[in-house]
Amino acid sequence: MAGADWNVLNTVNIILGPSPPSRVSFTIPLLLVDKATNTLGGTRVVSFTSASDVSAALTAASISATTAAWLTAGFSQIPTPSKIKVAFHDTAAAETLSAALTAIEALDTDWYGTAIYSRVAADIAAWAALIEARKKIFVAQSADASWLDSGVPAGLSAIAAYERTAVIYHDAATAAADLCWLVSRLVWDPDFQSAGWEGQVRGVAALTTALTNAQRDFVSGNDCNVGLPFSSAGFYVSPGVNQNGRALYEIVSGDWLATRLSEDFAFAKLTHTSRGEKWIVDGTGQVEGLGIINGRLQQGEAVKHFPKGQTRATAEAITTADILARRLRFKAEAQIAGDARVFVINAYLQPDPLQQVV
């Protein structure tokens, strides 16, 4: 029989750190469809991961032929999206768009950009107002000829300064220019690549009636986007702006930074509490916070949200009010990296030889 020993003097307590947090995705699009022709098998939100999924859903009669064509075009983008979510709006039950969005969000908020089945101005305006209050973006499609002259169409005047809504003009309502453009841009994960919002869109037919140069200029002057031939691309969407005339990549970069910093600080605080530690309201606490912010700013520079060397973070002086509120305040600044779209080349030709530059 073993005798007594002094091993009781050693106590080892294992305290596991918190599990890694889930991260908000910026790469998943959501298409809203009418339940009258798209039952989705009775499920409010369905994820499609390939064109084969789309074919199976069409065979099962859970989506319409139009929706199947739109989704198939969406999956024809290069790179191919990993997922497109589809949710229904129950028009037969006189469900409002607001009620539909509430029902969708009760089940699934893991999507960033959205497009809708309707081309009606009232529906576009209503959905845009809902998305404007969320950290998401909406691409609408309109065939209103008023885009081709001066001023936003009367039915869409309410969205004229919206930051989270972009409109693409296409004169064929059955074209999926909105979904395909959205998919072609969201396929680039902003954690690894800050993508511009101009570019080639596949699977979308050219405008039925070609635009004149004046009409093209009116479209862009109205902060509307349109797909036209460019180089070897048959359908190239430009200028890549929202209804406030701002480049959409600015909205995405801002959402990315705000979301990731919020997630980072929450996880850092959780890590402190899991160890029974305080995050002290003092210089040491500020240094930790600055490390988190600078880490994300440096990532933003690396993936081209921001130009190299054009970011900084500072800690605000701690006041009595901060101490009482148990608060640390910081200031982060960054220049958004611009995406060139206009190029001017002046070529000087002369009969004499060029002088060599020493």
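The values are calculated or read from the model by the stated rules, or taken from the named source; none is laboratory data. In this text, all values refer to a predicted model and were calculated from it rather than measured experimentally. Note: ideal-geometry Cβ built from the backbone for every residue, glycine included; neighbour counts use all protein chains shown.
The table below lists the values:
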read-out: Flag for Ala332 being among the aliphatic types (A, V, I, L, M) and over 20 Å from the mean Cα position of the chain (by Cα); value: yes
read-out: Top-ranked residue of segment 38-54 - restricted to ones that are polar (S, T, N, Q) and surrounded by fewer than 20 Cβ atoms within 10 Å (Cβ to Cβ), ranked as nearest to Ala233 (Cα to Cα); value: Ser50
read-out: Exclusive hit being free of Cβ contacts under 8 Å to residues at least 24 places away in the same chain, surrounded by fewer than 18 Cβ atoms within 10 Å (Cβ to Cβ) and among the small types (Gly, Ala, Ser), set Ala233, Ala266, Ala214; value: Ala214
read-out: Top-ranked residue in segment 55-114 [being of a type in the set (D, E, K, R) and either surrounded by 17 or more Cβ atoms within 10 Å (Cβ to Cβ) or closer than 24 Å to Ser25 by Cβ (or both); ranked as nearest to the chain's Cα centre (by Cα)]; value: Asp110
read-out: Count of segment 26-55 residues which are small (Gly, Ala, Ser) and within 25 Å of Val201 (Cα to Cα); value: 5
read-out: Wholly enclosed strands (runs of 3 or more DSSP E) of segment 223-340 bearing at least 2 residues among the charged types (D, E, K, R); value: 330-334
read-out: Residue within segment 52-61 that is charged (D, E, K, R) and within 29 Å of Ile251 (Cβ to Cβ) present; value: no
read-out: Residues (farther than 19 Å from Trp127 by Cα and either modelled with pLDDT under 95 or small (Gly, Ala, Ser) (or both)) located in segment 152-173; value: Ala172
read-out: Single match in Ile168, Ile131 (criterion: in contact with a strand residue (DSSP E or B) (Cβ under 6 Å, 6 or more places away or on another chain) and in a helix (DSSP H, G or I)); value: Ile131
read-out: Pairs with Cβ under 7 Å, 6+ apart, first in segment 76-101 and in contact (Cβ under 8 Å) with a residue 60 or more places away in the chain, second outside any strand (DSSP E or B) and among the basic types (Lys, Arg); value: Ser76/Arg202; Gln77/Arg202; Ile78/Arg202
read-out: Test: residue in segment 223-240 that is in contact with a Ser or Thr (Cβ under 7 Å, 6 or more places away or on another chain), modelled with pLDDT of 95 or more and under 21 Å from Leu179 (Cβ atoms); value: yes
